[in-house]
DNA sequence: CAGCTAAACGGACCGTGGTCCGTTTCGTAT
DNA sequence: ATACGAAACGGACCACGGTCCGTTTAGCTG
């Protein structure tokens, strides 16, 4: 024990878990690409883990070590597809991005979130079997809505209020009737604006 | 074609689908009982379809003919466990049942629904993998909330408003932190009352 | 009661999600 | 360059959900 050189953490270990080995990172990317491609081509429902592994040229065990479960893999694919929207929300042009006042941002948020939900409906369902919803996607939306509500001077249990506000934006998941083919989606959005007005106590 | 006696429907076939054969009904009950018992003993997560079939003394195919899927079976068990609560809502004593004014009924609804959700959390998760939620349980809650909102003179898109109102009552499903061990559940209920006030535009 | 049909039955069978463990590879320390 | 421990790899393996189809049975008709 005379040589203290066996201690790896010379720096305070800022980044939490140790970094990924190079082969691991490479495989993660291969897998994500393969999965995305397969999902696009066949729809999420039809994609099997074996197929993803094969397409990525990797063993099945590797898929599960990286993504834990089928649900985890789908969540990763989803997150990846939603980064663009998230970027728009965080730093895109107003009214969705910063610059507009909070109410207008909220409305833009609702509209675009509703559209995105419809667009990714199948993938969301696959990524979120058994509503654990700890996945990045939901967390992002919740955080942002809480922020906007605060900006609007809303006080109270923000978790409850944000949950209430977000739920109807997921209606397309339950009711396949609600699609982009106009009619019902506009109706939902209209109702949602009313709801937002009530929750923020607008006259 | 001279004998028209081959036509079964002498009466206009009021009851929709034809009634169940006696053996089928018997097996449905056996299966429901067996499933309920197993769920109670081992928790829903651990109950396999083979086990239910065996415990009911029935072939596996029969389980699937009756309940379509594992999810369907769990939904049936859940429905059965929730009948008592539903009866209270429909015809029990006030303020949950009829007799009290709509606002008080709504509050009682929220309280008891929250408690019931916590009580049946695991079962609900198993019964509702991939939020189809066409199951009786959710439909009942939605219908009742819409009714109460109407009584309170709320106008607008009631589907959207009811969805918003019901969502936070399912928070325990997402956050295992929220349990009956007092603190957080009271906090959620408090927040929900505030939400209900906002949605019905109470001062 | 015999005969018939549609429905219900059961369990062998299949595909897929998930695990396990012997082998290989990476990164480092000497 | 070599040695070595930790981490990643791969694919055989298992369990469970769901289907299929040959067999049995309920309930009617004459």
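The table below lists the values:
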read-out	value
Residue among A:90, A:96 that is under 29 Å from residue A:189 (Cα atoms), away from DNA strand D (no atom under 12 Å from the Cβ), in contact with a strand residue (DSSP E or B) (Cβ under 9 Å, 6 or more places away or on another chain) and modelled with pLDDT of 95 or more	A:90
Only one of B:136, B:72 that is surrounded by fewer than 18 Cβ atoms within 10 Å (Cβ to Cβ), within 12 Å of DNA strand D (Cβ to nearest atom), under 27 Å from residue A:167 (Cβ atoms) and away from chain A (no Cβ under 14 Å)	B:72
Where a residue in the range B:43-60 is over 22 Å from residue B:121 (Cβ atoms) and its partner, wherever it lies, is within 12 Å of DNA strand C (Cβ to nearest atom) and not in a helix (DSSP H, G or I), with Cβ under 7 Å and at least six apart	B:53/B:59
Selected residue (criterion: farthest from DNA strand C (Cβ to nearest atom)) from residues of the range A:40-90 that are part of a loop (DSSP other than H, G, I, E, B) and within 30 Å of residue A:143 (Cα to Cα)	A:43
Which numbered condition residue A:117 fails, given (1) more than 14 Å from chain B (Cβ to nearest Cβ); (2) part of a helix (DSSP H, G or I); (3) away from DNA strand D (no atom under 16 Å from the Cβ)	(1)
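Let's see how each residue does on (1) exposed (fewer than 10 other Cβ atoms within 10 Å of the Cβ); (2) at pLDDT 95 or above; (3) away from DNA strand C (no atom under 12 Å from the Cβ); (4) part of a loop (DSSP other than H, G, I, E, B):
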| position | (1), (2), (3), (4) |
| --- | --- |
| B:8 | yes, no, no, yes |
| B:11 | yes, no, yes, yes |
| B:14 | yes, no, yes, yes |
| B:18 | yes, no, no, yes |
| B:27 | no, yes, no, no |
| B:33 | no, yes, yes, no |
| B:38 | no, yes, yes, no |
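The values are calculated or read from the model by the stated rules, or taken from the named source; none is laboratory data. Predicted model only: the values in this text are computed from it and were never measured. Here the Cβ is made from the backbone with ideal geometry for all residues, glycine too, and neighbour counts use every protein chain on show.
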